[in-house]
Amino acid sequence: MKSMGGMAETLEVRLQEAIASKLTHLEFLELVLADESLVRNDRKIDRGVRRAGFRDVRRLEDFDFSFNRSIDPNHVARSPRP
């Protein structure tokens, strides 16, 4: 399952979860496909960041909102992210 790396990474955990929660086949499939989608999106972002050649990578979680009080952290948290 090389082309489905995200799914392969979480399959065992999802199988256990499906059995314990008595998930339907469709619910199980939705979970593993969501896992795959998240992994692919994360990899896409990582590739973009590497290609951009940023000297330092900064994340919003690390931003010091006390530095500039005109920035509303709640507004930033509600903003859509890639």
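The values are calculated or read from the model by the stated rules, or taken from the named source; none is laboratory data. This structure is a prediction, so every number in the text was calculated from the model and none was measured. With ideal geometry, Cβ positions are generated from the backbone for all residues, glycine too; neighbour counts draw on all protein chains shown.
Return only the number of the condition from (1) outside any helix (DSSP H, G or I); (2) modelled with pLDDT under 95; (3) aliphatic (A, V, I, L, M); (4) surrounded by 11 or more Cβ atoms within 10 Å (Cβ to Cβ) that V57 does not satisfy. Unmet condition: (4). Criterion applied to D35, D46 was being surrounded by 13 or more Cβ atoms within 10 Å (Cβ to Cβ) and either on the phi < 0 side of the Ramachandran plot or out of contact with any strand residue (DSSP E or B) (no Cβ under 6 Å at 6 or more places or on another chain) (or both), and the one residue passing it is D35.
Within segment 15-54, the set of residues being part of a loop (DSSP other than H, G, I, E, B) and more than 21 Å from the chain's Cα centre (by Cα) comprises K22, L23, T24, G53.
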